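Each remark here refers to the structure printed beneath this line.
Quick note: the coordinates plus some simple rules give every number you see, no bench work behind them. The structure displayed is predicted, hence computed values, not measured ones. Counting neighbours? That spans all protein chains shown, and the Cβs are built from the backbone with ideal geometry, glycine included.
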Amino acid sequence: MIEILSPREVERARSAGALVAHILQTCRERTRVGTNLLEIDRWAQELMAEGGGVSCYVDYAPSFGRGPFGHYICTSVNDGVLHGLPRDQALEDGDLLTLDIAVLVDGIAADSAVSFVVGEARDEADLALIDVTRRALDAGIAAVGPGARLGDVSHAIGEVLTGEGYPVNTDFGGHGIGATMHQDPHVPNLGRPGRGYRLRPGLLLALEPWVMADTDELVTDDDGWTLRSATGCRTAHSEHTVAVTEDGVEVLTLPRG
């Protein structure tokens, strides 16, 4: 089922998006060489409580994870790209870190992710990975609007990723979001324009291009959650929650300032 939100529910989604953006921005600003992943998880928990949010992750137990997740934020490092389970690990100079979080505010969820290098970037290829996911996300957002097709969005994302030579995995991608974190429709990071569901005002989508440097194959970590590149290559992931409006698109998870 695809959920279409009322104007009042979209307003609540704005509040959720603002809180998600604040948590991600604050956690990123605090993260340094030597920061422990469990410390980031604690910050997320505290910031969520301060903002009146409820975690979408703590009790989450889907078929693809060894649930429940039991933490407040995903922390994926280097070859980890999705669903990174926080662990007792201190970040090192040059680590490529992805933070991903989803929060409910007044019963409506928002979801966002950001990748960045901790300390000094040791390899320009890491920065290129991050950049291509950001540009793919921008392209996907630009393709969203009333009357557009879902395939238009997937195609726009995929054109950027494949245009830079990156393989694309379509097992995991963007998704509808609203009263729950993961909803229909699935938004793969490859698609054919003019195909699929026609977008309507009130639809919320979490768009999330992610790539692995030299493979499209994932493996699951021993923790039962963290998805890693099969070759051990570096990875990156960017995500925003957007709302289809009467005249275009609104990005709900943009950081302020």
task: Using the Karplus curve 6.51 cos²θ - 1.76 cosθ + 1.60 with θ = phi - 60°, work out ³J(HN,Hα) for each residue of segment 240-247 in order, rounded to whole Hz, and write x for Gly and Pro.
output: 9, 9, 10, 10, 6, 10, 5, 10
- prompt: From Cα coordinates alone, what are the radius of gyration and Dmax values for segment 110-257 in angstrom?
  reply: 15.2, 46
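Please state the relative contact order of segment 1-119 as a whole percent: Cα pairs under 8 Å, 6+ residues apart?
On the way: 212 pairs, mean separation 36.8, N = 119.
Value for segment 1-119: 31 percent.
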message: Show me the ranking of peptides 139-150, 99-110 by mean Cβ neighbours inside 10 Å, starting with the highest.
response: 99-110, 139-150
message: Viscosity 1.002 mPa s, temperature 20 °C: give me the Stokes-Einstein translational D for the chain in µm²/s, with Rh taken as the Kirkwood radius over C-alpha pairs.
response: 119
task: May I ask you to evaluate 6.51 cos²θ - 1.76 cosθ + 1.60, the Karplus curve with θ = phi - 60°, for each residue of segment 32-38 and list the ³J(HN,Hα) values in order in whole Hz, giving x for glycine and proline?
output: 9, 4, x, 5, 8, 4, 5
message: Which GluC sites (Glu not before Pro) in segment 74-132 sit in a loop by DSSP (not H, G, I, E or B) and have at most 14 other Cβ atoms within 10 Å of their own Cβ?
response: 92, 120
task: Amide H neighbours of residue 33 under 5 Å, at least 5 residues apart or on other chains, H built in the peptide plane: list them.
output: 119
task: Please give the contour-minus-distance gain from residue 192 to residue 11: 0.36 nm per residue of separation, less the Cα-Cα distance, rounded to one decimal in nm.
output: 62.0 nm
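Please work out how much length the chain gains when fully extended from residue 123 to residue 184, using 0.36 nm per residue of separation minus the C-alpha to C-alpha distance, in nm with one decimal.
So the chain would gain 18.2 nm between residue 123 and residue 184.
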field: Cα-based equivalent ellipsoid, segment 41-181: semi-axes from gyration tensor eigenvalues, Å
entry: 25, 23, 14
task: Scan around residue 191 for amide H atoms under 5 Å from its own, H built in the peptide plane at 1.01 Å from N, and keep only partners 5 or more places away or cross-chain.
output: 155, 158
message: Using Cα-Cα distances under 8 Å and only pairs 6 or more residues apart, what relative contact order does segment 179-242 have, in percent?
response: 34
query: If amide H atoms are built 1.01 Å from N in the plane of the peptide, which residues on other chains or at least 5 residues away come under 5 Å of the amide H of residue 253?
result: 241
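As a check on your grasp of the helix formula, calculate [θ] at 222 nm for the chain: sum -39500 (n - 2.57) over DSSP H runs of n ≥ 4, divide by the residue count, round to the nearest 500.
Numbers: 4 runs with 71 residues, N = 257.
It comes out at -9500 deg cm²/dmol, rounded to the nearest 500.
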- request: Just grab the label-to-label distance for residue 64 and residue 134, each label 7 Å out from Cα along the Cβ direction, in nm (one decimal).
  value: 2.5
- line: Output for segment 1-65: chymotrypsin sites (Phe, Trp or Tyr not before Pro) sitting in coil per DSSP, at most 15 other Cβ within 10 Å, listed by number, reads 64
field: Whole-number percent relative contact order across the chain, with pairs defined as alpha carbons under 8 Å at least 6 apart
entry: 24
message: Which log10 I(q)/I(0) values does segment 1-45 give at q = 0.32 Å⁻¹ under the Debye formula, counting every alpha carbon as one identical point scatterer?
response: -1.09
message: Explain nothing, just compute: Karplus ³J(HN,Hα) = 6.51 cos²θ - 1.76 cosθ + 1.60, θ = phi - 60°, for every residue of segment 120-134 in order, whole Hz, x for Gly and Pro.
response: 9, 5, 8, 9, 4, 4, 5, 5, 5, 4, 4, 4, 5, 5, 5
- line: So the compactness index of segment 62-141, its C-alpha Rg divided by 2.2 N^0.38 Å, takes the value 1.23
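To the nearest 20 debye, what charge dipole does the chain have about its Cα centre, counting +1 at the Cβ of each Lys and Arg and -1 at the Cβ of each Asp and Glu?
Details: 20 positive and 39 negative charges, 145 e Å.
Approximately 700 debye in magnitude.
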